[in-house]
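Values in this text are rule-based calculations from the coordinates and carry no lab data. Given the structure is predicted, the values throughout are model-derived calculations rather than measurements. Cβ coordinates were reconstructed from backbone atoms using ideal geometry, including for glycine residues, and neighbour counts include every protein chain displayed.
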Amino acid sequence: MIFASAGSAVGLGNIWRFPYETGQHGGAAFILIYLICVLVLGMPIMISEFLIGRRSRANTAGAYKVLAPRSPWRWVGFMGVLAGFLILSYYSVVAGWTLEYILEAGVNGFAGKSAEDFKGAFIAFSQSPARPLVWLVAFLFMTHYVIVKGVKKGIERFSKVMMPMLFMLILVLVFCSLSLPNADKGLEFLLYPDFSKVNSDVFLGAMGQAFFSLSLGMGCLCTYASYFSKDTDLSKTAFSVGIIDTFVAILAGLIIFPAAFSVGISPDAGPSLIFITLPNVFQQAFSGASVLSYVFSLMFYVLLALAALTSTISMHEVVTAFIHEEFHVSRIAAARCVTGGCIVLGILCSLSLGVLQQAQLFHLTFFDFFDFVTAKIMLPLGGMFIALFTGWYLDRKLVKEEVSNGGTLKVLFFRLYIFILRYIAPVAIAVIFINELGLLG
Ligand code: PFF
């Protein structure tokens with residue numbers, strides 16, 4: 001259970017999105033607020049998603065129909081499905097980039113290049129109209145294949161080996177990155193908070209990142225929990241997933257920032273950050289041993305693509321299960337709709353980094369717009385409703401029964417958990433939203 005949920009949680013959100021969000025929001029202070037969001041909002045809401053899924057044994061929209069028949073709560077489920085669909089579209093663009101980098105690493109294309117070369121190569125690649133699209137479609141087909149062939153179990157078994165490998169490799173890279181010249185500047189950026197830079201954007205960014213990284217607020221973990229056994233300890237699973245996910249994100253930061261400062265790449269470079277910085281780590285840290293640099297870089301991108309795949313599968317599954325169960329179409333037809341739709345939207349997002357850069361929505365490219373609307377609005381909003389649903393709507397006895405597995409587990413912080421769901425989480429999320437809109441002073 002922990003591995004399946006962690007497979008969904010650990011992905012590009014940790015290794016790609018977390019560092020660039022941290023970089024754009026000033027470093028350590030952002031991380032501190034992020035950690036508070038994970039603990040105070042993430043953990044209780046994750047337990048709630050688990051509980052809703054296991055109690056109802058249904059997909060996310062179906063779950064509300066079971067637990068709250070004929071009520072508007074089902075819209076929370078619908079919003080989650082839509083969020084999953086939109087995230088999958090742009091997430092697959094970035095997942096596709098990892099395939100390009102596998103190829104590049106495989107043909108030893110990083111050898112002998114400088115930081116400027118990597119930057120130029122990434123910009124040329126991501127803005128080119130055709131190449132990223134090929135990888136995007138390839139990645140969505142891979143996800144589609146796993147969903148349709150029902151080989152999810154196989155992938156999960158596979159990821160039980162691969163995830164610890166990714167983790168070990170990340171540890172090696174942290175070590176390499178910290179040994180680069182000027183690495184201490186990056187470390188300082190990560191460890192010394194500068195609260196003068198904290199504004200409403202930082203709060204919204206940290207909250208959105210917490211939801212995104214933990215796969216929360218869109219019913220993904222709810223769908224997974226519908227397969228949990230009645231003995232699964234929900235709080236323990238939530239905390240384990242939270243700890244693994246946070247650890248990987250922080251370690252990713254410890255790789256990226258020392259390296260970025262070392263080679264003079266601005267930490268606020270945005271989505272391109274890891275794709276420009278990491279190849280440098282491989283090049284510089286193993287300068288005396290090109291075989292090591294070759295092997296590690298290839299392994300890293302393969303594992304990153306795999307981590308992305310376990311996440312795209314989880315999003316695809318949410319939408320496919322929903323269409324399959326709610327519209328009574330076959331699973332294959334449902335999966336085809338999802339894959340087809342994501343290809344179309346994904347192409348738009350990908351092109352918006354290059355030829356369609358001028359076509360903007362609310363002053364954002366399609367790619368940024370999708371990211372903003374989902375991670376910073378839909379997921380926290382979904383989380384807020386999940387908190388309200390569990391805290392206020394569901395019978396407290398039912399909640400206690402689920403969290404304690406029918407009274408067999410001791411639940412230490414039950415009252416605190418309910419208090420957070422009822423008051424703290426909804427108010428905190430609302431205040432962050434209102435603050436961002438500029439309505440609070
Ligand atoms: N948590 C995943 C990551 O960090 O890469 C992304 C994600 C997966 C978000 C599934 C939402 C979701 F439902």
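Among Lys236/Lys400; Lys65/Lys236; Lys65/Lys153; Lys160/Lys236, which pairs are too far apart, with a Cα-Cα distance over 24 Å? Flagged as over cut-off: Lys65/Lys236; Lys65/Lys153.
In terms of the mean number of neighbouring beta-carbon atoms within 10 Å, the peptides 48-61, 296-309, 335-348, 412-425 order highest first as 48-61, 296-309, 335-348, 412-425. Placing pseudo-labels 7 Å out from each Cα toward the beta carbon at Tyr227 and Val107 gives an inter-label distance of 3.7 nm.
Using only side-chain charges placed at the Cβ, +1 for Lys and Arg and -1 for Asp and Glu, the dipole size of region 333-441 relative to its Cα centre rounds to 440 debye. With the simple spin-label model, which puts each label point 7 Å out from Cα in the Cβ direction, the Tyr423 to Glu116 separation comes to 6.0 nm.
Taken one residue at a time, the phi angles of region 354-366 give Karplus couplings (6.51, -1.76, 1.60, θ = phi - 60°) of x, 5, 9, 4, 7, 7, 10, 10, 6, 6, 10, 5, 3 Hz. Gly and Pro are set to x.
Ranking Gly7, Ser266, Val148 by Cα position along the charge dipole of the chain, where only Lys, Arg, Asp and Glu carry charges on their C-beta atoms, puts Val148 farthest toward the positive end. Please build a GNM for the chain, connecting alpha carbons under 10 Å apart, and tell me which residue among Ala285, Ala210, Ala333 fluctuates the most. So, out of Ala285, Ala210, Ala333, the one fluctuating most is Ala333. Does region 320-441 come out rounded, prolate or oblate by the C-alpha gyration tensor, with a ≥ b ≥ c the root eigenvalues, rounded set by a/c under 1.5 and, if not, prolate when a/b is larger than b/c and oblate if not? Judged from the Cα gyration tensor, region 320-441 comes out oblate (a/c at least 1.5, b/c at or above a/b). What separates the Cα centres of region 226-248 and region 16-50 is a distance of 17 Å.
Extending 7 Å from the Cα toward the beta-carbon at both Val344 and Arg331 defines two label points whose distance is 2.5 nm. Rg and Dmax over the alpha-carbon atoms of the chain stand at 21.1, 67 Å. A Förster radius of 45 Å combined with the Cβ-Cβ distance from Arg70 to Lys160 puts the calculated FRET efficiency at roughly 0.65.
Which listed residue (Val399, Cys349, Met378) has the Cα farthest towards the positive end of the charge dipole for region 332-441, taking +1 on Lys and Arg C-beta and -1 on Asp and Glu C-beta about the Cα centre? Checked the options; the winner is Val399. Each peptide in 113-121, 81-89 gets a packing score, the mean of other Cβ atoms within 10 Å over its residues, and the list from highest to lowest is 81-89, 113-121. Extension gain, Phe195 to Leu39, is 54.2 nm, computed as 0.36 nm per intervening residue step minus the present C-alpha separation. Quick one: check the C-alpha center-to-center distance for region 132-148 versus region 347-365, whole angstrom. Answer, in whole Å: 21. At full extension, Lys397 and Gln360 could sit 8.4 nm farther apart than now, given 0.36 nm per residue minus the alpha carbon distance. Here the dipole of region 72-150 is about 300 debye; that uses its Cα centre as origin and unit charges on the Cβ of Lys and Arg (positive) and Asp and Glu (negative).
Available extension along the chain between Phe247 and Arg415 is 57.7 nm, counting 0.36 nm per residue and deducting the alpha carbon span.
Under a model in which nothing but the beta-carbon of Lys, Arg (+1) and Asp, Glu (-1) is charged, the chain shows a dipole of about 1420 debye around its Cα centre. Considering only Thr408, Thr277, Thr390, the mean-square fluctuation computed in a Gaussian network model of the chain, springs between alpha carbons under 10 angstrom, is largest for Thr408. Under a cut-off of 30 Å between alpha-carbon atoms, report the lysines in cross-link reach of Lys119, not counting same-chain residues fewer than 8 places apart. Output for Lys119: Lys185, Lys197, Lys376.
A protection proxy built from the mean count of other Cβ atoms within 10 Å ranks the segments 371-381, 252-262, 102-112, most packed first, as 252-262, 371-381, 102-112. Centre-to-centre, using Cα atoms only, region 153-218 and region 299-325 are separated by 19 Å.
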